[in-house]
1. Give me the mean projected area, in nm² to one decimal, of the convex hull enclosing the Cα positions of the chain.
2. Report, for the chain, the % of DSSP beta bridges that are antiparallel, rounded to 5.
3. Where a Cα-Cα gap under 13 Å defines reach, which aspartates and glutamates qualify for residue 306, not counting those fewer than 8 residues away within the same chain?
4. Restricting to Cα atoms and excluding each atom paired with itself, what does the Kirkwood estimate give for the range 107-282 in Å?
5. Divide the volume of the convex hull of the Cα atoms of the range 193-344 by its number of residues and quote the answer in cubic angstrom per residue.
6. In percent, how large is the relative contact order of the chain, given Cα pairs closer than 8 Å and 6 or more residues apart?
7. Normalised by the residues of the range 107-282, what does the relative contact order come to in percent, with Cα pairs under 8 Å and at least six apart?
8. Dividing the Cα radius of gyration by the Kirkwood radius, what Rg/Rh value follows for the range 175-259?
Amino acid sequence: MTLPGSPWLARQAGELTLDGHALRGLAREYGTPLFVYSQRAMQAAAGAYQRALAPQPHLLCYAMKANPSLAVLQTFARMGCGFDIVSGGELQRVIAAGGDASQVIFSGVGKTAREMEMALRAGVACFNVESEGELERLSEVATRTGLTARVSLRVNPDVDAGTHPYISTGLKNNKFGVAHDRAVPTYRRAAALPGLQVVGIDCHIGSQITQIEPYLDALDRLLDLVEAVEAHGIALQHVDIGGGLGITYTDEKPPEAGELIAQVLARMKARGHAHRTLVMEPGRSLVGNAGVLLTQVMYLKRGEGKNFCVVDAAMNDLMRPALYQAYMQIEACAPGAQATEATWDVVGPVCESGDWLGRDRVLRVAPDDVLAVLSAGAYGKALASNYNSRARATELMITSDGQVRVIRPREDTTQLFAAEQLVP
Ligand code: LLP
């Protein structure tokens, strides 16, 4: 069976390795829980998008919510990528990592006036506006600051992306975007408001999408609107089809980025829209399979109904299983001779029954063994919390020159409450 994340993730003489580094050794050296990312895997993923987009005017914006660590942002900034942000804090991170604000698009349903002003002053490429109220607010902020906000409307195409309800965003009853049938009047309003310049249209239909058809359906709905909006004399330069391309967690076979882009470009051309800039906002597919979470087995509890493998990583480190019942593959980094195979629920130390990383997993494990949760580069550390006063994990990057770098040390538990005050 191929490992999700291969060829960067491999088994070499029984040892699980990431970009040639034995993961058990890294866990012993840096402690667990531990996130490890391969920079080369990230570069390869972004390179695939860039190569396919090269013939077209384009902007590739990494949706940094997937993994906002500075070294990750720096990796993509150096490749010339832009960023899709959803908060002022994310903008500050982009700038701290050396990213170019003029290649940033600002998404999100609830931007504050302060965040708008910060982004305007930084000179972001575009605001993806999600409601009429937001348009009015943005117009006020732009007028007050004397700057022009370039805007795109996030349209809800009402397309089923066929993914988990929590990460499906393009259906009518989602909170996101402007309804398709409100789009033309909203564009007319945008064109009439001071301080705004209409530049594009966008959508984002969901995440972990494993088929091309939903994208083509959404694109068709967007292009219909582009034609309707332009018939009112409002020009649109770019079409942004969002992010969402899935990765392999277990046996999913998502299309390659190049395949998706080829079909999108073909559809744009067939419909006479080949001159427009194509914007994409991938997150998960740039980083997901580039990272693993390492955790050490502490106790094996054999029960009547279930066997529990208690590890030192928990739902606060990796929320996806608890939050979405997400299946993430778990591998023993180097199954020891004493280990016997059994079926385990892999659970963490947090005081919640929802604190599990994998259920009913057949594993050969013994106490002190190191396990790797695969495909943890996206929405892993990004969603981590300090629940149960647990320090967030160390993050390592194996850089493209083969070096192992600590890109964020483990948190110091006393720092977690250092800013808190006792009352008199
Ligand atoms: N653009 C917008 C406007 C988004 O809302 C998202 C993700 C993306 C781009 C990037 O989508 P991606 O390429 O990563 O699928 N925490 C969930 C995923 C939430 C996705 C939210 N929006 C998970 O762990 O599955």
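Read-outs throughout are calculated quantities, based only on the coordinates presented, and are distinct from any laboratory measurement. Treat the numbers as computed from the prediction; the structure is a model and nothing was measured. As a convention, Cβ positions derive from the backbone with ideal geometry for all residues, glycine included, and neighbour counts pool all protein chains shown.
1. For the chain, the mean projected area of the Cα convex hull comes to 23.0 nm².
2. The antiparallel fraction comes to roughly 50 percent.
3. Straight-distance partners of residue 306: 345, 360.
4. Working: mean 1/r = 0.0605 Å⁻¹.
Hydrodynamic radius (Kirkwood, Cα pairs) of the range 107-282 is 16.5 Å.
5. Taking the convex hull of the Cα positions in the range 193-344, it is 171 Å³ per residue.
6. Relative CO of the chain lands at 19 percent.
7. Working: 319 pairs, mean separation 34.6, N = 176.
Normalised by residue count, the contact order of the range 107-282 is 20 percent.
8. 1.07
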